[in-house]
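Novice: Structure incoming, see below.
The values are calculated or read from the model by the stated rules, or taken from the named source; none is laboratory data. Keep in mind the model is a prediction, meaning the values are calculated, not measured. Note that we place each Cβ from the backbone using ideal geometry, even for glycine, and neighbour counts take in every protein chain shown. SASA here: full protein model, heavy atoms, side chains in, ligands and nucleic acids out. Shrake-Rupley method; radii C 1.70, N 1.55, O 1.52, S 1.80 Å.
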Amino acid sequence: MKKTISLVLGSGGARGYAHIGIIEVLEKNGYEIKSISGSSMGALIGGLYACGKLKDYKEWVLSLDIFSVLKLVDFSFASTGAIKGDRVFDVLETLVGKNVKIEDLPIDFTAVATDLNTQKEVWFQEGELLKAIRASIAIPTVFTPQGEGKQLLVDGGILNPLPTVPLLSDTNDLLIAVNLNGEKRADDFVQNTHEEDTLQAKISEFIQKNLFSKEENEEMNYFTIVSKTIETMQNLITRYELAAHQPDIIINIPKNLCGFYEFHKAAKIIDYGYDIAKKELREYEKLAML
């Protein structure tokens, strides 16, 4: 009989591709994912898996190089966010279909966003799947926020980068959490931190040339500052979350695996997630037999 899993998928930009490899390992080893909660990229990957479209999404992202990723960046030139995200979601709508409802999915799914007006978490457990995902990934000052009634919704990782609470009442066999803000590591998978030819650098250069004056921002890398600020905050919140709600298995993805915006490195990141999940699962099963 398959062991059932409640799966928590954390936020962390491009590192979220590791979720794909982790899910593949769980399936390959005979585990059944019955429920998922996710923030930001965790909500995106979790939602695509819950609606049965993760394999199609994986094929698409594996086809992207740095130039095709740049073509997906639609600048808004608005004060609320530099990128609209419409081009990416046009692709996602093609993959998923229109008006797919969360409550109709075969797997229980929760996407977590943050309401800036109330300064509270918002849990999407019903309604349109893509709208929920869009709200959850709206990184402040980068992606334009989503207005929903009186709510102004941004990235769920702002208040809860590893949302375990939505799944605590589940009766599944295991609670597994994937933390994308793990301690830094130095190995063959981790990026060269001095690499200059990155998506993050190219987008930052564009932003600085077109949205800011040279005098004010000569030394400033806009996206780097935003991403490092968010990651610092998320790291602290994640520590508190894990201290309060300890999962059965924690899979840590090192924060220096790749740059926050390096979405052109899908193959390497997915493979890393696959390898680390194999290792963690093997260690858990070995302990469970003692």
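Novice: Would you call N179 modelled with pLDDT of 85 or more, surrounded by 21 or more Cβ atoms within 10 Å (Cβ to Cβ) and not aromatic (F, W, Y)?
Specialist: yes
Novice: Continuing with the same structure: Evaluate segment 247-269: report whether one residue or more is without any contact (Cβ under 8 Å) to a residue 40 or more places away in the chain and polar (S, T, N, Q).
Specialist: No, segment 247-269 contains no residue that is without any contact (Cβ under 8 Å) to a residue 40 or more places away in the chain and polar (S, T, N, Q).
Novice: Pick out the one residue from G13, G30 that is open to solvent by 10 Å² or more (accessible area, probe 1.4 Å) and on the phi > 0 side of the Ramachandran plot.
Specialist: One residue alone meets the criteria, G30.
Novice: All but one of (1) farther than 14 Å from L44 by Cα; (2) open to solvent by 60 Å² or more (accessible area, probe 1.4 Å) hold for E128; state the number of the condition that does not hold.
Specialist: The one condition E128 does not meet is (1).
Novice: Regarding V91, is this residue surrounded by 15 or more Cβ atoms within 10 Å (Cβ to Cβ) and more than 21 Å from P247 (Cα to Cα)?
Specialist: For V91, the condition - surrounded by 15 or more Cβ atoms within 10 Å (Cβ to Cβ) and more than 21 Å from P247 (Cα to Cα) - is not met.
Novice: Name the residue that is farthest from Q151 (Cα to Cα), counting only residues in segment 108-121 that are open to solvent by 20 Å² or more (accessible area, probe 1.4 Å) and touching a strand residue (DSSP E or B) at 6+ places or on another chain (Cβ under 9 Å).
Specialist: Looking at residues that are open to solvent by 20 Å² or more (accessible area, probe 1.4 Å) and touching a strand residue (DSSP E or B) at 6+ places or on another chain (Cβ under 9 Å), I get D108.
Novice: Show the residue pairs that are 6+ apart or on different chains and have beta-carbon atoms under 6 Å apart, the first residue being within segment 138-155 and among the basic types (K, R), the second being modelled with pLDDT of 80 or more and not in a strand (DSSP E or B).
Specialist: Filtered contacts from segment 138-155: no entries.
Novice: Quick one: K34 ticks every box in (1) free of Cβ contacts under 8 Å to residues at least 60 places away in the same chain; (2) not aliphatic (A, V, I, L, M); (3) not in a helix (DSSP H, G or I) bar one, so which box is it?
Specialist: With (1) free of Cβ contacts under 8 Å to residues at least 60 places away in the same chain; (2) not aliphatic (A, V, I, L, M); (3) not in a helix (DSSP H, G or I) applied to K34, the lone miss is (1).
Novice: If you check S213, S227, which single one turns out to be out of contact with any Ser or Thr (no Cβ under 7 Å at 6 or more places or on another chain), farther than 21 Å from L175 by Cβ, of a type in the set (G, A, S) and modelled with pLDDT of 60 or more?
Specialist: S227
Novice: Looking at I251, I269, which one is closer than 30 Å to L70 by Cβ and buried (at least 23 other Cβ atoms within 10 Å of the Cβ)?
Specialist: One residue alone meets the criteria, I269.
Novice: From the list E126, E103, exactly one residue is at pLDDT 95 or above, in a helix (DSSP H, G or I) and not small (G, A, S). Which is it?
Specialist: E103
Novice: For residues in segment 1-16 being assigned to a helix (DSSP H, G or I) and over 17 Å from A111 (Cα atoms), which is modelled with the lowest pLDDT?
Specialist: Applying the filter and picking the extreme gives A14.
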